[in-house]
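As structure tokens, the structure follows; a few thoughts come after it.
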């Protein structure tokens, strides 16, 4: 049993690693990285969100997200605005929206290739199983 669980954990990690490598390589063609595109995606989903919220959405520490968003701001992709109290809100610039859209197109192509060996039913089953595994985190 232990070996099966370890093999399952390794298989999940291997699939994730392969997907991340493919995404990072393909996203370079549109001038971004997986980490940057993921941050843009999180900001696009939650305009005005705090760094704490966005760090959690991107599976990063607040410090790491702060450094990343600093680079995105310097590139003209993200704008930080004063919010309520000491809160800083994050918004995409028009250029950031363009990079995000280009990244979506790239990600759709890469993910279609990554999951191409699975039928639609298999992909739906995998998604359901993974959502059940992560439901307790939400």
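The values are calculated or read from the model by the stated rules, or taken from the named source; none is laboratory data. On a predicted model such as this, the values are computed, not experimentally measured, just so you know. Cβ placement follows ideal geometry from the backbone for every residue including glycine, while neighbour counts extend to all protein chains displayed.
Counting the residues of the stretch 96-130 that are farther than 21 Å from residue 25 by Cα and in a helix (DSSP H, G or I) gives 11. Does residue 6 qualify as being modelled with pLDDT of 95 or more, within 22 Å of residue 126 (Cα to Cα) and out of contact with any helix residue (DSSP H, G or I) (no Cβ under 9 Å at 6 or more places or on another chain)? Answer is no for this residue.
For the stretch 79-88, state whether one or more residues are within 19 Å of the chain's Cα centre (by Cα), in a loop (DSSP other than H, G, I, E, B) and surrounded by 10 or more Cβ atoms within 10 Å (Cβ to Cβ). Looking through the stretch 79-88, none of the residues is within 19 Å of the chain's Cα centre (by Cα), in a loop (DSSP other than H, G, I, E, B) and surrounded by 10 or more Cβ atoms within 10 Å (Cβ to Cβ).
Residues being within 26 Å of residue 29 (Cα to Cα) and in contact with a strand residue (DSSP E or B) (Cβ under 7 Å, 6 or more places away or on another chain) are represented in the stretch 60-70 by at least one member.
Pairing residues of the stretch 59-84 that are at positive phi with residues that are in a loop (DSSP other than H, G, I, E, B) and at pLDDT 95 or above, at Cβ distances under 6 Å and at least 6 apart in sequence or on separate chains, gives 76/93. One residue alone among 42, 28 is in contact with a helix residue (DSSP H, G or I) (Cβ under 6 Å, 6 or more places away or on another chain), under 23 Å from residue 110 (Cα atoms) and part of a helix (DSSP H, G or I), and that residue is 42.
Just to be sure, is residue 55 loosely packed, with under 12 Cβ neighbours inside 10 Å, closer than 24 Å to residue 19 by Cβ and without any contact (Cβ under 8 Å) to a residue 24 or more places away in the chain? No; evaluated as a whole, the condition is false for this residue.
Scanning the stretch 64-79 for residues that are touching a helix residue (DSSP H, G or I) at 6+ places or on another chain (Cβ under 9 Å) and within 18 Å of residue 35 (Cβ to Cβ) gives 64, 65, 66, 68, 69, 71, 72, 75, 76, 77, 78.
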